[in-house]
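Take a look at the structure below.
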Amino acid sequence: MYRPRGCVSFPLRLFRTYQFHQRLLRLCLGYALLCALLAVPAMSFARTADRIAASAVATAATPTGTVSGCATVIRVGAWNIEWLGTPVRRTVGGLQTSDDIAAAIGASGVQLLALEEAAVTDGGKAMRNVVLDGAFARLNAGGAQWSYLLFPARVPPHSKPTVHNSTQCVGVAWDGRALRLKRPPRAITATVNLAAEKELDQRMRQAAGPDQGIKLLARWPHLTVFDAGPGTREFGVVVLHLKASKGVTALAMQARTMEGDLLLPGLRKLADGDGLRDVMVLGDLNTQNHEEPVLQALAGDGFMDCNPGDQPTFFGLHGKMRKPYDRILLHDDGDGFAAACAEAASAACQAGPVGAGRAGPSPGLPGFSVLQPADIEAGLTHAEYVRRFSDHALVRASICVGRAAGR
């Protein structure tokens with residue numbers, strides 16, 4: 001730190017006369033005061049720098065699963081497993097195997113997984129899917145504790161979810177080592193305007209063909225509540241699979257907008273009734289980009305899109321198409337649920353363009369990434385992935401789970 005030289009040394013000869021001594025003493029005291037004032041900001045800055053450096057060291061040393069302000073950090077994912085259990089409907093390939101599905105889920109590292117396009121294969125008795133049963137049995141044989149639920153679907157003319165044996169259900173799976181189911185799933189309260197749906201359906205069929213109809217909220221959304229163990233705050237999970245981007249794009253987009261308008265009021269009501277501060281919406285939203293109206297409606301309701309850069313998640317026929325259909329959106333009260341990634345600097349939270357593996361940071365939030373074929377099996381091509389697994393990739397992100405009140 002710089003100090004004026006007059007404060008360091010004075011020749012003794014300057015003190016031989018009393019008058020001169022007094023003047024110089026005052027001068028020295030003034031210099032001393034100036035030195036002290038100059039020293040304060042420098043010392044303050046030094047201490048601040050030390051605190052920043054210490055904080056950086058502490059953050060770098062934070063183990064996976066814990067970050068500042070979080071009770072724990074979990075990995076969540078969403079996967080449209082194309083026509084799982086209905087192989088005749090698949091564009092290429094046949095019935096997926098339990099071994100392949102287990103390998104993909106295991107490679108993803110997720111502890112909660114939104115499921116889309118899973119068929120009920122037990123006739124609706126317990127809403128089970130035989131491939132998922134086998135996949136989770138294989139994972140559990142290795143020490144995991146996976147469970148899953150599939151939710152009833154809706155088929156017109158019914159305006160509510162009443163179908164328990166659908167070929168395209170949504171659901172949720174979780175590893176009991178990391179998460180606890182706190183409340184059973186409840187259907188989001190909404191009433192489909194059957195007349196408006198029929199009008200839009202007819203327009204689509206006339207424009208795109210008789211097999212391109214529209215059913216609003218056919219894969220009906222449900223709210224499921226979890227926590228990450230004692231002392232952690234509960235959070236809500238809503239799995240979405242909105243109208244596919246087939247037929248006339250503008251009409252499909254209009255249908256998704258209508259589905260969002262149906263979803264949000266009922267979701268708010270359920271979340272407020274449960275006192276939930278943290279809610280995630282995830283799944284195959286079939287959105288063309290982040291500016292689509294349904295995503296803007298969710299953003300207006302406080303949801304943050306984890307993939308605002310529209311990272312491709314859909315591989316299409318033979319693995320040659322690239323669309324950002326699959327999303328993870330988070331809503332919180334500003335305490336970190338919607339922005340945390342425990343492994344932001346690690347390879348697990350990085351993803352480059354499709355086909356590039358983990359070459360660079362994701363254009364989305366830290367921690368949002370797409371599971372690439374080579375992450376599951378070395379040398380696996382996109383075309384082979386589509387044949388054996390799905391035309392959609394599994395997407396994932398790391399989420400900060402808060403502390404329960406009073407903790």
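State which residue pairs qualify: first residue at positive phi and in contact (Cβ under 8 Å) with a residue 60 or more places away in the chain and inside the range 99-113, second residue surrounded by fewer than 24 Cβ atoms within 10 Å (Cβ to Cβ) and assigned to a helix (DSSP H, G or I) in any location, beta carbons under 8 Å apart, and separation of 6 or more residues or different chains.
Qualifying pairs under 8 Å: 109/348.
What number of residues within the range 265-279 are touching a Lys or Arg at 6+ places or on another chain (Cβ under 8 Å) and at pLDDT 95 or above?
Looking only at the range 265-279, we keep the residues that are touching a Lys or Arg at 6+ places or on another chain (Cβ under 8 Å), and these are 270, 274, 277-278.
Still in the list and also at pLDDT 95 or above: 270.
Summing the residues that are touching a Lys or Arg at 6+ places or on another chain (Cβ under 8 Å) and at pLDDT 95 or above in the range 265-279 gives 1.
Of all the residues that make up the range 384-393, how many are over 16 Å from residue 313 (Cβ atoms) and in contact with a Leu (Cβ under 9 Å, 6 or more places away or on another chain)?
1
Looking at the range 237-259, I want the residues that are under 29 Å from residue 184 (Cβ atoms) and have a partner that is among the aromatic types (Phe, Trp, Tyr) and in a strand (DSSP E or B) with Cβ atoms under 7 Å, at least 6 apart or on another chain. Which pairs are those?
237/226
Consider only pairs whose beta carbons are under 6 Å apart and that are at least six residues apart or on different chains; among these, list those whose first residue lies in the range 73-91 and is part of a helix (DSSP H, G or I) and whose second residue is buried (at least 21 other Cβ atoms within 10 Å of the Cβ).
Pairs found: 89/83.
Suppose the filter is surrounded by fewer than 20 Cβ atoms within 10 Å (Cβ to Cβ), within 17 Å of residue 136 (Cβ to Cβ) and at pLDDT 95 or above; does residue 106 pass it? Walk me through it before giving the result.
Values: surrounded by fewer than 20 Cβ atoms within 10 Å (Cβ to Cβ): yes; within 17 Å of residue 136 (Cβ to Cβ): yes; at pLDDT 95 or above: yes.
So residue 106 fits the description; yes.
Yes/no per residue for (1) farther than 20 Å from residue 170 by Cβ; (2) assigned by TED's automatic domain parsing to the domain that holds residue 197; (3) buried (at least 23 other Cβ atoms within 10 Å of the Cβ); (4) modelled with pLDDT under 95:
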site: 263; (1), (2), (3), (4): no, yes, yes, no
site: 281; (1), (2), (3), (4): no, yes, yes, no
site: 284; (1), (2), (3), (4): no, yes, yes, no
site: 292; (1), (2), (3), (4): no, yes, no, no
site: 302; (1), (2), (3), (4): yes, yes, no, yes
site: 307; (1), (2), (3), (4): no, yes, yes, yes
site: 317; (1), (2), (3), (4): yes, yes, no, yes
site: 336; (1), (2), (3), (4): yes, yes, no, yes
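Would you pick out the residues in the range 77-89 that are out of contact with any His (no Cβ under 9 Å at 6 or more places or on another chain), surrounded by 14 or more Cβ atoms within 10 Å (Cβ to Cβ) and within 11 Å of residue 119 (Cβ to Cβ)?
Across the range 77-89, the qualifying residues are 83, 84, 85, 86, 87.
All but one of (1) surrounded by fewer than 15 Cβ atoms within 10 Å (Cβ to Cβ); (2) in contact with a helix residue (DSSP H, G or I) (Cβ under 7 Å, 6 or more places away or on another chain); (3) among the charged types (D, E, K, R) hold for residue 186, so report the exception by its number.
Going through the list (1) surrounded by fewer than 15 Cβ atoms within 10 Å (Cβ to Cβ); (2) in contact with a helix residue (DSSP H, G or I) (Cβ under 7 Å, 6 or more places away or on another chain); (3) among the charged types (D, E, K, R), residue 186 breaks only (1).
The values are calculated or read from the model by the stated rules, or taken from the named source; none is laboratory data. This structure is a prediction, so every number in the text was calculated from the model and none was measured. FYI the Cβ positions are ideal-geometry reconstructions off the backbone, even for glycines, and counts take in every protein chain you see.
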